[in-house]
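Written below as structure tokens is the structure these notes are about.
Please treat every number below as a calculation from the coordinates, not as lab data. Fair warning: this is a prediction, and the values are worked out from it, not measured in the lab. Glycine gets a Cβ as well: all are built from the backbone with ideal geometry, and neighbour counts include every protein chain shown.
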Amino acid sequence: MAHLKPLPAETHPQLAKDFKIFEEILGFVPNSLLTMQRRPKMVEAFGVLTKAVMDPEGEVDLGFKRLIAHFASRAAGCQYCEAHSLIAANIHGVSQEKLDAIWDYQTSPLYSDAERVALDYAMAAGSVPNAVDEELMVRMKTHWSENQIVEILGAVCLYGFLNRWNDSMATDLEEPPKQMGERVLAKGGWTGGKHTS
């Protein structure tokens with residue numbers, strides 16, 4: 001059960017445009033933001049950062065950035081964000097077949113060598129202590145430009161905030177990501193943890 005209850009979306013009407021950003025990303029307004037709106041400026045600022053990191057004019061595919069977010073969340077252990085990021089990846093063009101193979105990304109033909117190293121990087125960057133080393137950066141630079149690496153790390157860092165927020169709040173998991181977690185992540189030990197009643 002969440003440590004703080006989400007407030008109704010209409011509590012702060014000025015946040016409607018900010019909530020719309022996340023409805024487009026996820027198909028619903030997440031409980032994390034409904035809790036965060038106790039400080040409306042935080043929601044507004046987070047919306048600005050999200051739009052910058054998940055810029056459709058960037059060089060890294062939007063769906064793949066959500067997979068990056070998933071692996072960063074996996075490293076952090078936030079089961080709420082692990083499931084959310086897969087919903088967002090699917091909405092942004094990553095096939096369900098590819099999501100279903102996420103535990104086998106190192107060997108699945110659905111993942112390229114460039115994707116494999118970026119997902120390794122996301123796990124390393126999302127770990128505490130940070131596990132990014134020179135060897136991993138050399139591998140990254142073999143497949144990704146400096147601009148792309150900045151975008152990829154931006155996705156890791158965006159979710160770093162969400163990982164801390166949602167695990168500290170024990171944010172209740174909504175039904176669509178819960179179903180995605182049960183379908184894709186449960187075979188790797190995912191349970192929803194503190195985010196399910």
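The table for this structure:
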{"quantity": "Sparse-neighbourhood loop sites, GluC sites (Glu not before Pro) in region 42-119 - DSSP loop, at most 11 other Cβ within 10 angstrom", "calculated": "57"}
{"quantity": "Size of charge dipole - region 14-190 - debye, nearest 20, with Cβ of Lys, Arg +1 and Asp, Glu -1, no other charges", "calculated": "520 debye"}
{"quantity": "Compactness index (Cα Rg / 2.2 N^0.38 Å), region 85-142", "calculated": "1.22"}
{"quantity": "All aspartates and glutamates inside 16 Å of residue 194 as judged from Cα atoms, apart from same-chain residues fewer than 8 positions distant", "calculated": "82, 167, 172, 174, 175, 182"}
{"quantity": "Amide H partners (placed H, <5 Å) of residue 2, local residues excluded", "calculated": "172"}
{"quantity": "Compactness of region 14-190, expressed as Rg and Dmax over alpha-carbon positions, Å", "calculated": "15.4, 47"}
{"quantity": "Rg(Cα) / (2.2 N^0.38 Å) computed for region 135-197, rounded to two decimals", "calculated": "1.49"}
{"quantity": "Given charges at Cβ of Lys, Arg, Asp, Glu: the chain dipole, positive-most of 177, 155, 109", "calculated": "177"}
{"quantity": "In range of the label at residue 52: residues from region 132-166 whose backbone nitrogen is under 17 Å from the point 7 Å along Cα→Cβ", "calculated": "147-162"}
{"quantity": "13 Å Cα-Cα reach of residue 20 towards aspartates and glutamates, excluding residues that sit fewer than 8 places from it in its own chain", "calculated": "10, 44"}
{"quantity": "Three semi-axes of the equivalent ellipsoid, region 1-77, Cα gyration tensor, whole Å, largest first", "calculated": "23, 16, 10"}
{"quantity": "Residues of type aspartates and glutamates that residue 41 reaches as a straight line, Cα spacing below 14 Å, ignoring anything fewer than 8 places off in the same chain", "calculated": "18"}
{"quantity": "Mean separation of Cα contacts under 8 Å (6+ apart) over length of the chain, as relative contact order %", "calculated": "30 percent"}
{"quantity": "Karplus 3J(HN,Hα) series, Hz, for region 185-197 with 6.51 cos²θ - 1.76 cosθ + 1.60 (x for Gly, Pro)", "calculated": "8, 4, 5, x, x, 5, 10, x, x, 5, 8, 10, 7"}
{"quantity": "Check: region 77-119 dipole with +1 on Lys, Arg Cβ and -1 on Asp, Glu Cβ, in debye", "calculated": "80 debye"}
{"quantity": "Furthest towards positive pole of dipole, 144, 60, 37, structure part region 14-190, Cβ charges", "calculated": "37"}
